[in-house]
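*Asks:* I am attaching a structure below and will ask some questions about it afterwards.
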Amino acid sequence: MSAFVLPKPITATIAGAAYPTRATFDVVNPATGEVFATAPDASAADVDAAVRAAHDAFAAWRSDPAARRAALHAAADALDAARDEIAPILTAEQGKPLTESAREVAIAAAYLRYYADMQLERQVIRDDAQALVEIAHRPLGAVAIITPWNFPLIIGTAKIAPALSAGNTVVLKPSPFTPLSSLKLGEVLRGVLPPGVLNVLSGGNEAGAAMTEHPLIRKISFTGSTATGKAIAAAAAADLKRTTLELGGNDAAIVLDDADPATVAAGIFPRAFSNTGQVCVAPKRVYVPESLRAPVVEAFAALARNARVGDGADPATQYGPLNNRPQRDRVASLVRDAVSRGATIAAGGSEIAGNGYFYQPTILTDISDGTPIVDEEQFGPALPIIGYRDVEDALTRANATHFGLGGSVWSGDPERATAVAERMEAGMTWVNTHTATSFDQPFAGIKWSGIGVENGRWALEGFTEMHVIHRAR
């Protein structure tokens, strides 16, 4: 299969036009390990230009809700029309199968439509002889959006859409590992959105720091690692910028003793290994009663052995490479460490030969808490299955983490499972499923997994500030 070739360089978008940067950086195809394109490397001065363009566009954008709705619908249509152009770019830079990339573009367009018509109506909280008191929501101004490399378009538009719908203007910076699909988004929407409303640039640490520290940025919405989220929170505190931080997760799945092993494996495996395990809210450790551990492990191992791993451009591929070499090396290191501590590999357990960043879907057992691959977020195709004594033991171990994004409970008795799920320390818990989300369902973590809420009305409110209007009578 021939390697993907980018038809022409993709540029940054500032003030509704192509914006040249002095420097560029290489973009690697994770399926080949080879550079296939370059991306603009924004400097602090380039970031300043983007922020000022957003700031200048804010007054007009905020003032006309009808125009905003029409523009967001038009943006969704433009993105849908460009799906076949954007999807191969996303697969080439991220690694996921082409069908999943096309689906990501479609979901990105759907986010724009979902928020296009959502409004925050005024709320009357007092209306009597003494006063009329109303609560309104007004936009913040220019906001910074920083996205990760696992789902750059879905996560990007999940932030862009409510931000723009509320009347804010945006500066978007994707991860330097996957800059091109977001830059292409910016190109597609030039002329659809008014100049300066959506500015898209790419770059590394200098650009990210310039965005978070810029005095005209009034909010930062970030999805990524907990460590980076803490750094952004610290930078934002100096200027009291608002933040939404969707950070790491180490989701536990608890299997109860009445569950069917085959059903559990069929339910958890595709969710744990989706996007090659590079999903913040995927199941990352599975607690199983000792009486079921052997059949559950074998059911998972059979699925891992039959999984088709390859280049995302190949229609036969189910699971692509990890996105970058450091992440592939981290997963390999965590597996080796687990084996050195006595873990058993039930399936997989090694890198796949070649230049790409491939790793076998891996199932580990004879492992427990205190092992890094159990205690930390592996973010890759290696899943530990851990035996437990009783449900109290499983809950204690599942909750003994700094993370608190999601969790799930699996059982033949949904009511029993729900009672356990309600005791999990996570922002989202599921029964007999995992990672089940929707546009109107809050997406939120607790503890080190984040601050703020994505999706639904809550995301829209998060891009506004409350305004109390009290009229004396």
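The values are calculated or read from the model by the stated rules, or taken from the named source; none is laboratory data. Remember, predicted model here, so these are calculated numbers, not experimental data. Please note: Cβ atoms are built from the backbone with ideal geometry, for glycine as well, and neighbour counts cover all protein chains shown. Please note that ligands, DNA and RNA were not included when accessible areas were found on the heavy atoms of the full protein model with its side chains. Shrake-Rupley method; radii C 1.70, N 1.55, O 1.52, S 1.80 Å.
*Asks:* Is region 405-412 home to any residue that is within 24 Å of the chain's Cα centre (by Cα), assigned by the TED database to the domain that holds Val264, touching a residue at least 24 places away in the same chain (Cβ under 8 Å) and farther than 21 Å from Phe273 by Cα?
*Replies:* No, region 405-412 contains no residue that is within 24 Å of the chain's Cα centre (by Cα), assigned by the TED database to the domain that holds Val264, touching a residue at least 24 places away in the same chain (Cβ under 8 Å) and farther than 21 Å from Phe273 by Cα.
*Asks:* Could you list, in sequence order, the residues of region 451-470 that are in a strand (DSSP E or B), within 11 Å of Leu140 (Cα to Cα) and touching a Leu at 6+ places or on another chain (Cβ under 9 Å)?
*Replies:* Thr464, Glu465
*Asks:* With Pro40, Pro88, Pro7 as the choices, which residue is of a type outside the set (Phe, Trp, Tyr) and without any contact (Cβ under 8 Å) to a residue 24 or more places away in the chain? Working first, answer last.
*Replies:* Values: Pro40 fails: without any contact (Cβ under 8 Å) to a residue 24 or more places away in the chain; Pro88 fails: without any contact (Cβ under 8 Å) to a residue 24 or more places away in the chain.
Result of the check over Pro40, Pro88, Pro7: Pro7.
*Asks:* Taking Val124 as the residue in question, decide whether it is β-branched (Val, Ile, Thr), part of a strand (DSSP E or B) and open to solvent by less than 10 Å² (accessible area, probe 1.4 Å). Reasoning before the result, please.
*Replies:* Details: β-branched (Val, Ile, Thr): yes; part of a strand (DSSP E or B): yes; open to solvent by less than 10 Å² (accessible area, probe 1.4 Å): no.
No; evaluated as a whole, the condition is false for this residue.
*Asks:* Taking Glu454 as the residue in question, decide whether it is among the acidic types (Asp, Glu), in contact (Cβ under 8 Å) with a residue 60 or more places away in the chain, closer than 19 Å to Ala272 by Cα and in contact with a helix residue (DSSP H, G or I) (Cβ under 9 Å, 6 or more places away or on another chain).
*Replies:* Answer is no for this residue.
*Asks:* Separate question: Please tell me if Arg328 is closer than 14 Å to Ala382 by Cα, open to solvent by less than 20 Å² (accessible area, probe 1.4 Å) and charged (D, E, K, R).
*Replies:* On the way: closer than 14 Å to Ala382 by Cα: yes; open to solvent by less than 20 Å² (accessible area, probe 1.4 Å): yes; charged (D, E, K, R): yes.
So Arg328 fits the description; yes.
*Asks:* Is region 23-39 home to any residue that is open to solvent by less than 50 Å² (accessible area, probe 1.4 Å) and assigned to a helix (DSSP H, G or I)? Quick ask: steps written out before the conclusion?
*Replies:* Residues of region 23-39 that are open to solvent by less than 50 Å² (accessible area, probe 1.4 Å), as a first pass: 23, 25, 27-33, 36-37, 39.
Among the residues that remain, those that are also assigned to a helix (DSSP H, G or I) are: none.
No, there is no match, as no residue in region 23-39 is open to solvent by less than 50 Å² (accessible area, probe 1.4 Å) and assigned to a helix (DSSP H, G or I).
*Asks:* Looking at region 255-294 only, could you name the residues that are among the β-branched types (Val, Ile, Thr) and either touching a His at 6+ places or on another chain (Cβ under 9 Å) or within 13 Å of Gln378 (Cα to Cα) (or both)?
*Replies:* Taking region 255-294 as the starting set, the residues that turn out to be among the β-branched types (Val, Ile, Thr) are 255, 263-264, 268, 276, 279, 281, 286, 288.
The answer is Ile268, Thr276, Val279, Val281.
*Asks:* Among the residues of region 108-115, is there at least one that is assigned to a loop (DSSP other than H, G, I, E, B), at negative phi and either among the acidic types (Asp, Glu) or out of contact with any helix residue (DSSP H, G or I) (no Cβ under 6 Å at 6 or more places or on another chain) (or both)?
*Replies:* Initial filter on region 108-115 (assigned to a loop (DSSP other than H, G, I, E, B)): none.
No, that holds for no residue.
*Asks:* May I pose another question? Which of the residues that make up region 379-408 are more than 19 Å from Phe443 (Cα to Cα), surrounded by 23 or more Cβ atoms within 10 Å (Cβ to Cβ) and touching a helix residue (DSSP H, G or I) at 6+ places or on another chain (Cβ under 6 Å)?
*Replies:* Gly380, Pro381, Ala382, Leu383, Pro384, Ile385
*Asks:* Tell me which residues, restricted to region 1-22, are of a type in the set (A, V, I, L, M, F, W, C), open to solvent by 40 Å² or more (accessible area, probe 1.4 Å) and not in a loop (DSSP other than H, G, I, E, B).
*Replies:* Answer for region 1-22, where residues must be of a type in the set (A, V, I, L, M, F, W, C), open to solvent by 40 Å² or more (accessible area, probe 1.4 Å) and not in a loop (DSSP other than H, G, I, E, B): Ala17, Ala18.
*Asks:* I would also like to ask the following. Does region 422-451 hold any residues that are over 30 Å from Pro65 (Cα atoms) and without any contact (Cβ under 8 Å) to a residue 24 or more places away in the chain, and which are they? Before you say what the answer is, go through the steps one by one.
*Replies:* Looking only at region 422-451, we keep the residues that are over 30 Å from Pro65 (Cα atoms), and these are 422-436, 445-450.
Those that are over 30 Å from Pro65 (Cα atoms) and without any contact (Cβ under 8 Å) to a residue 24 or more places away in the chain: Glu422, Gly427, Thr429, Val431, Ala436.
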